[in-house]
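The values are calculated or read from the model by the stated rules, or taken from the named source; none is laboratory data. Since we're looking at a predicted model, the values are computed, not measured. When we count neighbours, we look across all protein chains shown, and the Cβ atoms used for this are built from the backbone with ideal geometry, even at glycine.
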Amino acid sequence: MSSVTVTRPSAPIRATISLPRSKSISNRALLMASLCGDLDLVSGLSDGDDTRVMRELLAANPRVMDCGAGGTTFRFLLAWAAVREGEEHVLTGIPRLLERPHDDLVHALKKLGADIERVAEGYRVRGRALQGGEVHFDSPISSQYLSALLLIAPCMQQGLTLRWTGTRLSEPFVHMTLKMLAHFGVYPRLELDGVRVDPGDYIPAPLVVPPDWSSAAFWYEAVALSPGSEVLLTGLTDDTMQGDREAQHLWAPWVETRFTGEGARISHRASPGQWEAVPRSLKHVPDLFQPLAFTLAALNQPAVLTGLDNLRVKETDRLRAVADAIQRMGGDAAFADGAFAVKEGITHPVDAPFDPDHDHRMALALAPLALKLGTIAIHDPQVVNKSYPGFWEDLRKSGSGVHLA
């Protein structure tokens, strides 16, 4: 298996980084552009595998749609295929993707009139006109279920009334979907415990995808661990569509953020602040968990992070993977019932490479720990291609040693 070894730079980081474009916005925009009949409405797409695969599948429209490891790609295309009248598709992917939970989305689509059947390869979908109506989710394990339904809601004969009660994990991603519906001329109506989308047509509207706040988090981690460092993230703004802009506040004790005409300039605070000694909920921004947990462990900052109920069913069991990694590096961490505790900080490097187990965010979040430990090795460096293909080159540009083997 291939691996990458990252070594600490000889000086504080001084770098200008062009982040990848938002995968979340790219995939939503592509699906709506497809329903408009013009994929070229969307420019500046993410160059990650998830978006590349989604665009290729929407453009080619093959009967068998292999989504690889992309959960967002798979769930969005499952909904898309359900409204392709007269067409039949089989949605598939790597074994881990098919093992992840999709049943709640499938049951909701069937209730709205979809023809979906579990088959050996994945899910067979026979497209038809969906009647629509009302669907209720109580504490769904993934907000992607809601976004997938909202994206095809205008195509339903009765539209869609979507009720959402209980724990509302990753809520900003649903709001992102609603804002993008409005961009394409569909105006949802917010209700007490959900949203209503009337039947209608998308209106074609060009959209340029912005830089990705989720990817910015790994640079916040790096700057927090590198005294005297400063990084310009070009084109990054305080974008209200992306919930992961919360990174600027989560890392505020150690990293200062200044927005300029060039982008976001982030710099290490010479006099770091204190992390609040109370549990901090990440239920709205779970993708920030890994870089934040590793930052806290590297700074020997005890903390409790909550709202992480759905991280055990991501590309890997992220709670267990992060706890195991911290313990391998001499620290102490524990997790239970959607909460994660950093108890003692990491102290020493590990000789054997870490295995990210198909999880791009695991590899991306581990790499900056070389700034604390001096060196770190990670198997399967290509896993970052899912969301941030240029990461190793950007890390090298920032002064770190990056040795691929």
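Structure summary
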{"read-out": "Residues satisfying the stated conditions in region 224-259, i.e. out of contact with any helix residue (DSSP H, G or I) (no Cβ under 9 Å at 6 or more places or on another chain) and either among the polar types (S, T, N, Q) or within 18 Å of TYR388 (Cα to Cα) (or both)", "value": "LEU232, THR234, GLY235"}
{"read-out": "Residue identified as among the basic types (Lys, Arg) and either modelled with pLDDT under 95 or buried (at least 19 other Cβ atoms within 10 Å of the Cβ) (or both) among ARG258, ARG245", "value": "ARG245"}
{"read-out": "Residue satisfying condition, being among the β-branched types (Val, Ile, Thr) and closer than 19 Å to SER143 by Cα, within set THR73, THR92", "value": "THR73"}
{"read-out": "Entirely in region 37-103, the helices (runs of 4 or more DSSP H) that have 3 or more residues that are crowded, with 21+ Cβ neighbours inside 10 Å", "value": "49-60, 71-82"}
{"read-out": "Pair list, Cβ under 6 Å, 6 or more apart: region 241-267 residue outside the structural domain of ILE13 (by TED's automatic domain parsing), other residue assigned to a strand (DSSP E or B) and surrounded by fewer than 16 Cβ atoms within 10 Å (Cβ to Cβ)", "value": "none"}
{"read-out": "Count of region 144-181 residues which are outside any helix (DSSP H, G or I) and in contact with a Lys or Arg (Cβ under 8 Å, 6 or more places away or on another chain)", "value": "8"}
{"read-out": "Meets criteria (buried (at least 19 other Cβ atoms within 10 Å of the Cβ) and in contact with a strand residue (DSSP E or B) (Cβ under 7 Å, 6 or more places away or on another chain)) for ALA108", "value": "yes"}
{"read-out": "Residue satisfying condition, being out of contact with any Gly (no Cβ under 9 Å at 6 or more places or on another chain), in contact (Cβ under 8 Å) with a residue 24 or more places away in the chain and not aromatic (Phe, Trp, Tyr), within set ASP47, ASP104, ASP66", "value": "ASP104"}
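Residues checked against (1) touching a strand residue (DSSP E or B) at 6+ places or on another chain (Cβ under 6 Å); (2) outside the structural domain of GLY307 (by TED's automatic domain parsing); (3) loosely packed, with under 15 Cβ neighbours inside 10 Å; (4) farther than 22 Å from ALA82 by Cα:
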residue: LEU160; (1), (2), (3), (4): yes, yes, no, no
residue: ARG163; (1), (2), (3), (4): yes, yes, no, no
residue: THR167; (1), (2), (3), (4): no, yes, no, yes
residue: PHE184; (1), (2), (3), (4): no, yes, no, no
residue: ASP193; (1), (2), (3), (4): yes, yes, yes, yes
residue: TYR202; (1), (2), (3), (4): no, yes, no, no
residue: TRP219; (1), (2), (3), (4): yes, no, no, yes
